[in-house]
1. Read through the list (1) within 21 Å of Pro240 (Cβ to Cβ); (2) in contact with a strand residue (DSSP E or B) (Cβ under 8 Å, 6 or more places away or on another chain), then give the number of the only condition that Asp8 fails.
2. Taking the stretch 170-188, which residues are within 13 Å of Phe253 (Cα to Cα), over 15 Å from the mean Cα position of the chain (by Cα) and not in a helix (DSSP H, G or I)?
3. Counting only residues that are within 18 Å of Tyr84 (Cβ to Cβ) and either part of a helix (DSSP H, G or I) or out of contact with any Asp or Glu (no Cβ under 9 Å at 6 or more places or on another chain) (or both), how many does the stretch 104-115 have?
4. Tell me, please, whether a residue that is within 19 Å of Val153 (Cβ to Cβ) and outside any helix (DSSP H, G or I) can be found in the stretch 300-323.
5. Could you grab me the full set of residues in the stretch 14-46 that are loosely packed, with under 15 Cβ neighbours inside 10 Å, touching a residue at least 60 places away in the same chain (Cβ under 8 Å) and either touching a strand residue (DSSP E or B) at 6+ places or on another chain (Cβ under 8 Å) or more than 28 Å from Ser237 (Cβ to Cβ) (or both)?
6. Could you say whether any residue in the stretch 183-204 is touching a residue at least 12 places away in the same chain (Cβ under 8 Å), of a type outside the set (A, V, I, L, M) and under 18 Å from Asn108 (Cβ atoms)?
7. Any idea which of (1) within 18 Å of the chain's Cα centre (by Cα); (2) closer than 26 Å to Ala39 by Cβ; (3) surrounded by fewer than 24 Cβ atoms within 10 Å (Cβ to Cβ); (4) of a type in the set (Gly, Ala, Ser) is the one Ala139 doesn't satisfy?
8. Given Arg118, Arg123, which one is assigned to a helix (DSSP H, G or I), charged (D, E, K, R), touching a Pro at 6+ places or on another chain (Cβ under 9 Å) and without any contact (Cβ under 8 Å) to a residue 40 or more places away in the chain?
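The values are calculated or read from the model by the stated rules, or taken from the named source; none is laboratory data. These numbers were taken from a predicted model, which means no experiment stands behind them. Glycine gets a Cβ as well: all are built from the backbone with ideal geometry, and neighbour counts include every protein chain shown.
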Amino acid sequence: MRREHAADVLLVSLGSTVGLRRADDELNDSLQRAGARVAVVRPDPQEGLPTMMLTDLQWARAARAAAAKVAERQALAPARSIVYSTTTAALLWDHPGAIRFDAPAAGNRPGRHGLWQRPLERRRLRQAPLLLPWSEGAAQELPDGTGADRTLVLPVPVEPSGPVQDERDLAAVTYAANPSKKGLDRVLAAWRQLRTERGADGGEEGEELHVAGVSAERLLAAGLISREEPGVRVLGSLAPAEFRALLRRARVFVCAPRREDYGIVQLEALADGCQLVTTEAPGPYAALPIARELDPRLVGDDLVAGLRAALADPLPGYAERARAALAPFSRAAVDRIVAEQLLPRLLA
C-alpha cells in the first residue's frame, strides 16, 4: 500500500534576516512551481545576544523546536525530504536533511566566534544527503571532506524590479542594516572626501548619499554621523518595494563590506541599473566578479576613485550589460535547476 506523505519537502527556514527570509520564500515558490508540495516552518524572531556563539545557539534551538512541532503533527505521514536553510538551522537537527547555505561557519565564524559551531557543522555537512550552497564561492569554503560529490549550487534568484530608467535623480545609495559588517564607516569616509574634492555643495545640485536599513539614531549613537551631516540622508528601514524603487532612481550603489557571504542587495542594485562601487571583500561575494567585468575602475580599496569615476565618467551601456550578466540568477534559470536537478534528488 502506497504511503501518503504530508508534503514532499519540509523547509526549515531560519529567517533570522530579511535576506534569508527572502531566499527561503523564493525556494518555496520555485519548488511549488516544479510541482512539489512544500511545508515551511520558521521559528519565532529571537532577541539579540552579545556574541555570535550565543546567537547561533539560540537560533539553532529555535529551529529545532519549530521543526519538532511539525514532526509531531506529521508523525503518521512525514515529509518525504527536509531542507534546512543555513547550517545554523541544521546544527541541532533531529532528522538529517539537505542543507542550504550562503556561507559555512568555517568561513564566516572565525576564531572564538565559531568555537562550537565549526566542529558540529563539519559533522552535519558530512551527514547531509545534499548540500545546496548559494554560490560557487560558498561551495569552495566547505571544509575538506564534507561532500563535494553531494553539492548542487542553487543561487537566490534576482529579478529587475522595473524598467531601467535613463534619468536618475539620486547620486548614491548604500545599505547598512549591519553598519560594521557592511563597512558603513568606510563608505561615509569616502563620501565625505569626495564631497570635499567637489566643492562646497559636494557636487552637482548637492548630491547626497542615501543610507537605507539603519536608523539615524543608531548611527548617531555609534558616532558614525553628526546630527547635521551634510550630503547624507538616512532613510531607516524600508519595505522591499520602497528600497527597490530607490535603487531604480540611483546612479550608484556603494558598499565596503568587511566580508560578504553572498550580497543579495548588490545583485538587486545591478538588476535595477545601479553602477556598483565596492571594495574587494573576502567571502563568497557573488556580485564581485560581475562588478569587475562591468567596470574594473569601480572595484577596489579606493572607494573615492570608484565613486568619482561612476558619478563623473560612467561607462555607456553599464545597466544593460549588468542585466545580461545576471542571467544565471534569473528566476527562470533557478527554476530549471530546481525542477531538473534539485527536486529529483530530494525525492529520490
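1. Exception for Asp8: condition (1).
2. Within the stretch 170-188, Leu170, Ala171, Ala172, Val173 qualify.
3. So the count comes out to 5.
4. Taking every residue of the stretch 300-323 in turn, none turns out to be within 19 Å of Val153 (Cβ to Cβ) and outside any helix (DSSP H, G or I).
5. Across the stretch 14-46, the qualifying residues are Arg33, Gly35.
6. There is at least one residue in the stretch 183-204 that is touching a residue at least 12 places away in the same chain (Cβ under 8 Å), of a type outside the set (A, V, I, L, M) and under 18 Å from Asn108 (Cβ atoms).
7. (2)
8. Sole residue among the options that is assigned to a helix (DSSP H, G or I), charged (D, E, K, R), touching a Pro at 6+ places or on another chain (Cβ under 9 Å) and without any contact (Cβ under 8 Å) to a residue 40 or more places away in the chain: Arg118.
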